[in-house]
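Let me begin by presenting the structure, written as structure tokens, before commenting on it.
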Amino acid sequence: MSDYRLAPSILSADFARLGEEVDNVLASGADIVHFDVMDNHYVPNLTIGPLVCEALRKHGVTAPIDVHLMVKPVDRIIPDFAKAGASYITFHPEASDHIDRSLSLIRESGCHAGLVFNPATPLSYLDYVLDKVDMILLMSVNPGFGGQSFIPSTLDKLRQVRQLIDESGHDIRLEVDGGVKVDNIAEIAAAGADTFVAGSGIFGHSEASDANHYNSIIEEFRQKLAEVNSI
Ligand code: DX5
Ligand code: ZN
């Protein structure tokens with residue numbers, strides 16, 4: 001497997017300079033912009049909405065924007081994010097009363113659809129919708145905040161989902177979110193993830209305003225992933 005994608009989470013970026021921060025991580029080799037939407041209801045924190053997504057597009061961001069909805073309910077806000085330029089829209093199954101409907105709504109809106117699994121959420125939510133998801137996102141922390149530690153049981157869950165995806169024959173990305181750092185990304189990739197969200201691991205450094213710093217940290221991530229490929 002070599003199609004690894006790095007998705008910096010802008011939750012840890014400097015919001016006062018968001019456009020510049022996103023430009024810098026993309027210029028440094030990041031692939032996807034991970035966009036965390038929190039509603040102070042489904043999760044105990046409040047972040048950004050479609051207007052900010054639209055602002056990034058107007059600023060000139062052309063990379064995929066991966067909208068991670070941590071909101072309840074989910075359906076009302078899906079078309080707004082599609083119009084605002086989202087590429088992927090993922091949501092937590094517990095936050096939707098009609099999972100199949102929400103997934104269809106995302107695709108009908110022209111976006112790639114995904115389901116997000118909290119550390120304690122069972123994979124059985126996938127049983128009847130594997131043909132309707134383009135991405136499966138495993139949370140390796142409980143959602144709501146950046147800077148938490150990776151929960152090790154996620155590795156087993158990743159292996160299970162990797163097997164499910166491979167056996168299904170569907171083209172589904174397997175993303176991991178929470179506590180991904182240079183020192184654990186290889187292990188996470190070896191367990192089957194192909195798309196890696198990293199917030200504090202990329203933005204959370206004292207020199208974070210220096211674009212060159214992003215080059216070096218993203219290069220370190222790539223180096224670790226290259227070693228997985230050569231095993
Ligand atoms: C947490 C968010 C994550 C968060 C990850 O609820 O979904 O995307 O930004 O941050 P780190 O990489 O710092 O764990
Ligand atoms: Zn996220």
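Nothing in this text is a laboratory measurement; each read-out follows from the coordinates by a stated rule. In this text, all values refer to a predicted model and were calculated from it rather than measured experimentally. So basically every Cβ, Gly included, is an ideal-geometry build from the backbone, and we count neighbours across all protein chains shown.
All C-alpha pair distances within the stretch 1-43, sorted into 5 Å bins from zero, spread as 5, 20, 26, 20, 13, 10, 5, 1 percent across the bins. On full extension, the segment bounded by Asn142 and Glu108 gains 9.3 nm, given 0.36 nm per residue less the C-alpha separation. Applied to the stretch 218-226, the Karplus parametrisation 6.51 cos²θ - 1.76 cosθ + 1.60 on θ = phi - 60° returns per-residue 3J(HN,Hα) values of 5, 4, 5, 4, 4, 4, 5, 5, 5 Hz, with x for Gly and Pro. Each peptide in 74-83, 190-199 receives the mean, over its residues, of other Cβ atoms within 10 Å, and ordering these scores from highest gives 190-199, 74-83. For the stretch 172-178, backbone phi angles converted through the Karplus equation (6.51, -1.76, 1.60; θ = phi - 60°) give residue-by-residue couplings of 10, 7, 10, 9, 10, 9, x Hz, Gly and Pro being listed as x.
Which whole-number percentage describes the relative contact order of the chain, with Cα contacts under 8 Å and a sequence gap of 6 or more? Value for the chain: 21 percent.
Shape analysis of the chain based on the Cα gyration tensor places the equivalent ellipsoid semi-axes at 24, 22, 16 Å, largest first.
Measuring spread by the Cα atoms of the stretch 97-231 yields a radius of gyration and Dmax of 15.9, 46 Å. Dipole size of the chain about its Cα centre, with +1 on Lys/Arg Cβ and -1 on Asp/Glu Cβ: approximately 280 debye, rounded to the nearest 20.
Taking the chain as a Gaussian network of alpha-carbon nodes connected by springs under 10 Å, the highest mean-square fluctuation of the residues Ala189, Ala30, Ala95 belongs to Ala95. What residue among Ala86, Ala120, Ala16 has the largest mean-square fluctuation in a Gaussian network model of the chain, using Cα springs under 10 Å? Maximum among the listed residues: Ala16. Contact order, relative form, for the stretch 71-132: 36 percent (alpha carbon pairs under 8 Å, 6 or more residues apart, mean separation divided by residue count). Ranking Phe221, Ile151, His68 by Cα position along the charge dipole of the chain, where only Lys, Arg, Asp and Glu carry charges on their C-beta atoms, puts His68 farthest toward the positive end. Restricting attention to the chain, the count of lysine pairs at 8 or more positions apart or across chains with alpha carbons under 27 Å apart stands at 9. Taking a ≥ b ≥ c as the square roots of the eigenvalues of the alpha carbon gyration tensor, the stretch 8-123 is prolate, as a/c is not under 1.5 and a/b beats b/c.
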